[in-house]
1. Can you tell me how many residues in segment 138-157 are among the small types (G, A, S) and without any contact (Cβ under 8 Å) to a residue 24 or more places away in the chain?
2. Which condition number in (1) within 13 Å of I108 (Cα to Cα); (2) in contact with a Pro (Cβ under 6 Å, 6 or more places away or on another chain); (3) not polar (S, T, N, Q) is the one that F59 fails?
3. Which of the residues spanning segment 71-111 are farther than 14 Å from I135 by Cα and aliphatic (A, V, I, L, M)?
4. Please state which one of S76, S41 is under 21 Å from the mean Cα position of the chain (by Cα) and either more than 30 Å from R190 (Cβ to Cβ) or assigned by TED's automatic domain parsing to the domain that holds P154 (or both).
5. Look at G176 and say whether it is modelled with pLDDT of 80 or more, loosely packed, with under 13 Cβ neighbours inside 10 Å and of a type outside the set (K, R).
6. Please work out if F120 is at pLDDT below 80, over 14 Å from the mean Cα position of the chain (by Cα), surrounded by fewer than 17 Cβ atoms within 10 Å (Cβ to Cβ) and among the aromatic types (F, W, Y).
7. Could you tell me how many of the residues in segment 34-91 are touching a residue at least 60 places away in the same chain (Cβ under 8 Å), farther than 19 Å from V124 by Cβ and in contact with a Phe, Trp or Tyr (Cβ under 8 Å, 6 or more places away or on another chain)?
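The values are calculated or read from the model by the stated rules, or taken from the named source; none is laboratory data. Everything numeric here is computed off the predicted structure, so don't read it as measured data. Counting neighbours? That spans all protein chains shown, and the Cβs are built from the backbone with ideal geometry, glycine included.
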Amino acid sequence: MPWTRRGTPDSRQERVLEVAQALFAERGYHNTTMDEIAVRSGIGKGTLYRTFPNKEGLFLAALERAKDRLERAILSEVERESTLLGKLRRAARLYFRFFEQEGELFKILASNVPTLQERFRKRVQDKYSFYVDQIATMLREGIQKGEIRPVGRPESITVALIGACNSVIYHWLLSGKPYPLEEDLKLVERAIAGIAASAFSSDPD
């Protein structure tokens, strides 16, 4: 719904970010205009530009907002698990459910990142690097505790896991078919379980 004069600055900014995220996903980064964002948000262009001076800044703010929500959810939930396998399973489930509910976010990342200018691309890559670092740290802790063998670089294993999750999500997001969340999650969880199981396998001679 449009803003009202009684809306607080925080609620107004939140409304703009919601509208911008949806439009970027629907039309792509380059085909979305600040004018349209203002109209859809129910505010004047002057008000919009006072909050977000340009489209680039607004795009990055929308990414930051979504990334922060996902980050908080994963970090708080993962801490409830005591084992590496439990942490990875819970993180994967939250990741899938987040994009199931907010599929337009993945469209922004998947469709627009290659076409952004370098400084925007770097900011987006920093978000991805955060998740790689977090999961790689979990893997290192699992190695130290003897939950898994050091069968490869934690960063490489992490990139493979995230890549598998993103590929599955992207496929179903663009297919227009019903999202088989539980079915695909089971496949990812089997892959995660395979990593943990390697701790108990024998080294080949």
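1. Residues that pass the stated criteria total 2.
2. (2)
3. Selection gives A73, L105, I108, L109, A110.
4. S76
5. In short, no.
6. No: the conditions fail for F120.
7. 0
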